[in-house]
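Below is one structure, written out as structure tokens; comments come after it.
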Amino acid sequence: MPITRMTAVALASVGLIGTIAAPASAKVEGDTIVLGAAVSKSGKYSTNGKYTMNGYNLAVERLNAMGGVSVGGKAYKLKIIYYDDESRGARGAQLAERLINQDKVKFMLGPYSSGLTKAIVPITEKYKIPMVEANGASRSLFTKGYKYLFAVLSTSEQYLASAIALAAEKAEAAGRKPSSLKVALAFENDPFSQDVRAGVIDDAKRFGMKIVVDGRLPRDLSDMKGILQKVKLVKPDILAISGHAKGAALAIRQIAALRVNVPMLAMTHCDSAKVIKKFGKDAEFALCASQWAPTLSYKDKVFGSAGDFSKLYEDKFGEAPPYQAAESAAAVLVYADAFQRAGSFDTAKLRDALAATRMQTFYGNIKFDAAGKNTAKPMVLYQIQDGQYKVVAPTKWASSKLRHPTPSWDKR
Amino acid sequence: MLENFQLLAENPVGLLNLIIDGIMIGAVFALIAYGMALVWGVMNIINLTQGEYVIFGGFVAFYTAGEWTLTIDAIGVSLTWPGVHALWALIVAPAVLYAVGWGVYRLVIFRIVDRDMFTSILATFGISILLQQFMNSVFTADDVIARHGMGTWSAWRTDMGELAIERVRIVALAFALVVGGFLAFYLKNTRDGQAIRAVAQNARAARLMGIDADRVYARTYALNAALCGAAGVLVSMTLTIHAFTGLIYTVRAFMIVIIAGLGNVTGVIVAGLGLGAGEKVAEFLIGTSYQVAFVTGLLLVVLLYRSVRLAMRRRYLA
Amino acid sequence: MNRAGPMRNQGASRRFVLLCLAVGLLSVAAPFLFPAIVKQLSIFWVMVIVAYTWDTMGGQLGYNSFGNIVFFGAGIYVSAIIQIAPFTNMRDYTAAGEEGAALTLTMAQYLGGLAPGLVAAAAIGFVLAIAFGFVILGLRGHYFAIGTLALGIFVAQIFANWEYVGAGSGIIMPELPGRGRASDQEKSLLFYFLCLLLAGATIFFLRWLYTTRFGLAINAIRDDEDKAEAMGIATTLYKVAAWSVSGFFLGICGALYGNIVRFVDPEETAFDGPGLGVWMVLMAVLGGKGSLWGPLIGAVLFHATKELLWTYLLGFQNIALGLLVVIIVVFFPEGIMGWIRARWPALVGERVDASAQSQAAR
């Protein structure tokens, strides 16, 4: 009796384990190339995770509508298996294993955020599965010697580089030495933001600028007044902030609330934080780093120009595409191109084909260096002028001139 | 860090600004603590769901102030809400949260009122997890704020600096004080309030006197939720709201209750304001990244101080 | 409230041995029967260990700790430091940006880092428990519970700001050398058996411990601390000792976990208070606080349910999990073992008079 009961429990547990272990879908191919991705459908990155998925899906839809991907003379459709990583690294890693081991996926697309990519890439490397990612910009992803990781986006140290360069330029034009500029930093304590910070520090050092405030923002940040008060007292020339969408929104709001006057405010994630919509005039003059702009003149055969992509996205999803969606779509385009060039589904051949990528997409030029990062696409710097994002750097793509210095609050 | 001390010394206006900001947000903390003290005193339950009610209230404020459209395809109905001034949420949120609190009481809390503290802690923690996930899935996973466009009041513009105080914080402070005062009045002078106090003092005796303890419990718990809801509206107007950031408000409330003691209304207000100001100044001095560490570290210090004092008293009496 | 006393009757002992053999055989065979989920199974044993070590505090000692995660996380980090620092510049390795160097180890280096890492993790868990214990175990009841909750958050924040270990950027753990699927399988197996070994060691050690005078003393503290103190039991020492036993095993457990998960993040992996920190409490409560099989049963049920929810209720799994928590706490405060004891007291070795049978339900 008791043993039978216990045995029953044991068998039930085995059964439970069995259902969990059962593979979901087996074949990787047929007439369909199956890609796998762990994205943040819930948790703190879910908004951007959604944009990532939208980008991936739009590209797959478009490619399939145009006849699919041609490999070795045959046309294949694309399909993506998604799992929700809940914005947690451990979960993402687990799901990557599941995709590779149980769903037998051989081609991975990246998750949203550097942190999640960092958690997943050791697994794809272990199994020698190529991963093309579009939303993990941290440089530390590319210093570990990973051979199967490819990133279409510009790495984080470039985010605010042009802002610093512009500040130096303006200083010189005003007769001051760039090294006399004071820089204040407020960066969130996560892999991406810390990486952007490292980049800003490198740039500032090159010009000999002095870092007067170096604040680390906690992940569950709700109030920046302390550090903004310090900025107000120290009066730097540049304030650089990165804290994903929350940091951007909080910064704009509290800088206005506390009436902090800084000649140049440079941030990341303004567009995903929708600062113009939320804060209107308070957001004026802010500089925003972006991976892409719909006004750029890149184009490709699948989507057309950047503007065409933007329109297509807006028609389907009802809002303008943030750059996260654009770069995700680009990742799929890279795969399509690599499949065609490799002419095979062998992961090693595909990996080599990916490494040799040289293409222009609506998102930008793509060429991977030995470490897997895209060295052919510059970051774009917006400034919010008259309630709109205007590209002010790099000069080749600029549609407006930088308005600098930002007037103080009593004059606005 | 030393340079931060120096900065404050050289800029008294900056220091004043920090303290005033702190006091104003501290008033909101005091509200939350007040509710927690009520539930603790009356039902002997430490409600770890406190923070989540605050966040819920914040979301209500967000949806009240924002414009949104709800489309139900099944019946072909589309509702558009144009968004009103966020301050209206100060009426809507407490009402919604009162209902939520009542619901939670009727579904779960009434079963654990008579049990030990640990069960109530674990149960309310469980409800908080449930609520967190619910809000994250059903509302939004973003960080949100309630727009109010009330602007900043700028005073004292001197060479030494400027005192910038958000108008909404002044409203928050005023609201907290008014509500606190009203509650004190309610508890002392109305029959319902006195019933609550009676149950807190001795539930059995209160029942004997004809007071329906269960209704009192439900009301108290719902009232607590409403208080948190109101606090949440203020939080969403001055700080940021996110589904998973409720725990820190619970921790703050707990700390204030412990410092002030359970029956002490003035104590709660003073402790709340003090904590708010202390946090802001500490944040400036130690760094924003230690915000949470400061609060939890302070709680540990308070708990230990209390326990050491008790132990000394025990030894003295022994 | 005699819960985990030694099984006195012959039938119970034999049953126990047979059960252990059955579970043991299944556990050893499992990674070969289900190679695709070896990692999941390793994590299962991790859950078992954290449930048991929590039960030492909550179930046996009566001190409900929400901060045991501190030892777990410390173990992860200490082991990480020992596995990485001797072979490369740790600061550079964890730094954000270009200097984040690569790390390839030989098998000798890897194991030579792992072994001392595990030992150091055990030590740090032990030491921290003593250090915190003397200070925090003075708190009673709910103050202790919330105090340890605060402690967990506090320590998490300290690590999240400690640049040496990468602060918020986290640490990528070193890999078992060798590339490809085979090597990953090797590594998974290695850690599965390490986890299984640790789980077995923990369970049998604790089982033995509860039969000694130590076990009686901590049960006495649970039942009435003031009386125990009056009886001459040095309560503080026993409490600290109990916590340090928990800390010891939690530290090693953490070190193993960090290696399995590969990427260590201070707030989500190592010191995940609202996650693992609370689940350990739930598993023990679900299974039955203070009982011998309780934490194991709790771990099995909880882990299986969690995985099922993730597979079949995707999108609402966390809400379901929260609901599960509430249901467990409200409706099963005595846990599964408590329920079994009430219905079939003979099963757990209790002899109940016929007349008292009706009062068996607690």
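Derivation of every value follows stated rules applied to the coordinates shown; laboratory data play no part. All of these numbers come straight from a predicted model, not from anything done at the bench. Note: ideal-geometry Cβ built from the backbone for every residue, glycine included; neighbour counts use all protein chains shown.
Scanning the range A:275-311 for residues that are surrounded by 17 or more Cβ atoms within 10 Å (Cβ to Cβ) and at positive phi returns a single hit, A:285. Just give me the residues in the range A:249-303 being more than 24 Å from residue B:148 (Cβ to Cβ) and in a helix (DSSP H, G or I), in sequence order. Correct list: empty.
For the range B:110-126, enumerate the residues that are hydrophobic (A, V, I, L, M, F, W, C), buried (at least 24 other Cβ atoms within 10 Å of the Cβ) and either farther than 29 Å from residue A:43 by Cβ or touching a helix residue (DSSP H, G or I) at 6+ places or on another chain (Cβ under 6 Å) (or both). Residues satisfying the conditions are B:121, B:122, B:123. Note on the range B:228-318: enclosed helices (runs of 4 or more DSSP H) holding 2 or more residues that are farther than 28 Å from residue B:183 by Cα are B:265-286, B:291-317.
Out of the helices (runs of 4 or more DSSP H) lying entirely within the range C:66-150, which hold 3 or more residues that are within 14 Å of chain A (Cβ to nearest Cβ)?
C:69-84, C:90-94
Could we say that residue A:63 is facing another protein chain (nearest Cβ under 10 Å), touching a residue at least 40 places away in the same chain (Cβ under 8 Å) and in a helix (DSSP H, G or I) here? Criteria not met by residue A:63.
With a requirement of 3 or more residues that are within 12 Å of another protein chain (Cβ to nearest Cβ), the strands (runs of 3 or more DSSP E) lying completely within the range A:144-248 that satisfy it span A:182-188, A:210-217. The set of residues in the range B:111-130 being out of contact with any Phe, Trp or Tyr (no Cβ under 7 Å at 6 or more places or on another chain) and farther than 16 Å from residue C:66 by Cβ consists of B:111, B:112, B:114, B:115, B:130.
Residue pairs whose Cβ atoms lie under 9 Å apart, sitting 6 or more positions apart in sequence or on different chains, and linking a residue in the range A:270-293 that is more than 22 Å from residue A:167 (Cα to Cα) to a partner that is among the basic types (Lys, Arg) and crowded, with 20+ Cβ neighbours inside 10 Å, are A:273/A:246; A:275/A:253; A:278/A:253; A:278/B:147; A:279/A:253; A:279/B:147. Note on the range C:258-275: residues that are part of a helix (DSSP H, G or I) and either within 21 Å of residue A:190 (Cα to Cα) or more than 12 Å from every other protein chain (Cβ to nearest Cβ) (or both) total 11.
Taking the criterion of being of a type outside the set (Gly, Ala, Ser), more than 14 Å from the chain's Cα centre (by Cα) and under 22 Å from residue C:166 (Cβ atoms), would at least one residue in the range C:249-260 satisfy it? Yes, because at least one residue in the range C:249-260 is of a type outside the set (Gly, Ala, Ser), more than 14 Å from the chain's Cα centre (by Cα) and under 22 Å from residue C:166 (Cβ atoms).
Among the residues that make up the range B:190-198, is at least one of them within 10 Å of another protein chain (Cβ to nearest Cβ), under 26 Å from residue B:272 (Cβ atoms), of a type in the set (Ser, Thr, Tyr) and without any contact (Cβ under 8 Å) to a residue 24 or more places away in the chain? Don't jump to the end; show me each part of the working.
Taking the range B:190-198 first, the residues within 10 Å of another protein chain (Cβ to nearest Cβ) are none.
No; the residues of the range B:190-198 include none that is within 10 Å of another protein chain (Cβ to nearest Cβ), under 26 Å from residue B:272 (Cβ atoms), of a type in the set (Ser, Thr, Tyr) and without any contact (Cβ under 8 Å) to a residue 24 or more places away in the chain.
Take the range C:59-79 and flag every residue that is of a type outside the set (A, V, I, L, M, F, W, C) and closer than 14 Å to residue C:281 by Cα. Matches in the range C:59-79: C:59, C:60, C:62, C:63, C:64, C:65, C:67, C:68. Out of (1) among the β-branched types (Val, Ile, Thr); (2) facing another protein chain (nearest Cβ under 8 Å); (3) in contact (Cβ under 8 Å) with a residue 60 or more places away in the chain; (4) farther than 19 Å from residue B:38 by Cα, the odd one out for residue B:144 is which? Residue B:144 satisfies all of (1) among the β-branched types (Val, Ile, Thr); (2) facing another protein chain (nearest Cβ under 8 Å); (3) in contact (Cβ under 8 Å) with a residue 60 or more places away in the chain; (4) farther than 19 Å from residue B:38 by Cα except (2).
Among the residues of the range A:157-209, the ones that are touching a strand residue (DSSP E or B) at 6+ places or on another chain (Cβ under 7 Å) and among the acidic types (Asp, Glu) come to 1 in all.
Could you run through the range C:280-298 and say how many residues are buried (at least 24 other Cβ atoms within 10 Å of the Cβ), more than 10 Å from every other protein chain (Cβ to nearest Cβ) and either part of a helix (DSSP H, G or I) or without any contact (Cβ under 8 Å) to a residue 40 or more places away in the chain (or both)? Qualifying residue count for the region: 8. For the range B:127-141, the set of residues classified as more than 7 Å from every other protein chain (Cβ to nearest Cβ) and surrounded by fewer than 24 Cβ atoms within 10 Å (Cβ to Cβ) consists of B:131, B:135, B:138, B:139, B:140, listed by residue number. Looking only at residues of the range A:68-102 that are within 10 Å of chain C (Cβ to nearest Cβ) and assigned to a loop (DSSP other than H, G, I, E, B), we find that the one that is nearest to the chain's Cα centre (by Cα) is A:87.
Taken together, the residues in the range C:161-176 that are more than 19 Å from residue A:129 (Cβ to Cβ) and either more than 9 Å from chain A (Cβ to nearest Cβ) or out of contact with any strand residue (DSSP E or B) (no Cβ under 9 Å at 6 or more places or on another chain) (or both) amount to 7.
Evaluate the range B:99-109: report whether one residue or more is surrounded by fewer than 19 Cβ atoms within 10 Å (Cβ to Cβ) and under 19 Å from residue B:62 (Cβ atoms). Scanning the range B:99-109 turns up at least one residue that is surrounded by fewer than 19 Cβ atoms within 10 Å (Cβ to Cβ) and under 19 Å from residue B:62 (Cβ atoms).
Hey, can you tell me all the residues within the range A:96-113 that are out of contact with any strand residue (DSSP E or B) (no Cβ under 9 Å at 6 or more places or on another chain) and under 20 Å from residue A:330 (Cα atoms)? Write out each step before concluding.
Just the residues of the range A:96-113 that are out of contact with any strand residue (DSSP E or B) (no Cβ under 9 Å at 6 or more places or on another chain), to begin with: A:97, A:101-102, A:113.
Within the range A:96-113, A:113 is the sole residue that qualifies.
Counting the residues of the range A:218-233 that are under 28 Å from the mean Cα position of the chain (by Cα) and under 19 Å from residue B:25 (Cα atoms) gives 9. Listed conditions (1) surrounded by fewer than 24 Cβ atoms within 10 Å (Cβ to Cβ); (2) touching a residue at least 60 places away in the same chain (Cβ under 8 Å); (3) under 23 Å from residue A:88 (Cα atoms) are all met by residue A:237, apart from (3).
Here's a check for you: in the range C:102-122, which residue that is surrounded by fewer than 17 Cβ atoms within 10 Å (Cβ to Cβ) and hydroxyl-bearing (Ser, Thr, Tyr) is farthest from residue C:85 (Cα to Cα)? If you could, list the steps in order and put the result at the bottom.
Restricting attention to the range C:102-122, the residues satisfying the condition of being surrounded by fewer than 17 Cβ atoms within 10 Å (Cβ to Cβ) are C:102, C:104, C:106-109, C:111-112, C:115-116, C:119.
Of the ones still in play, those that are also hydroxyl-bearing (Ser, Thr, Tyr) are C:104, C:106.
On the way: C:104: 13, C:106: 15 Å.
Filtering first and then ranking leaves C:106.
In the set (1) part of a helix (DSSP H, G or I); (2) away from chain C (no Cβ under 14 Å), the condition left unmet by residue B:69 is number (1).
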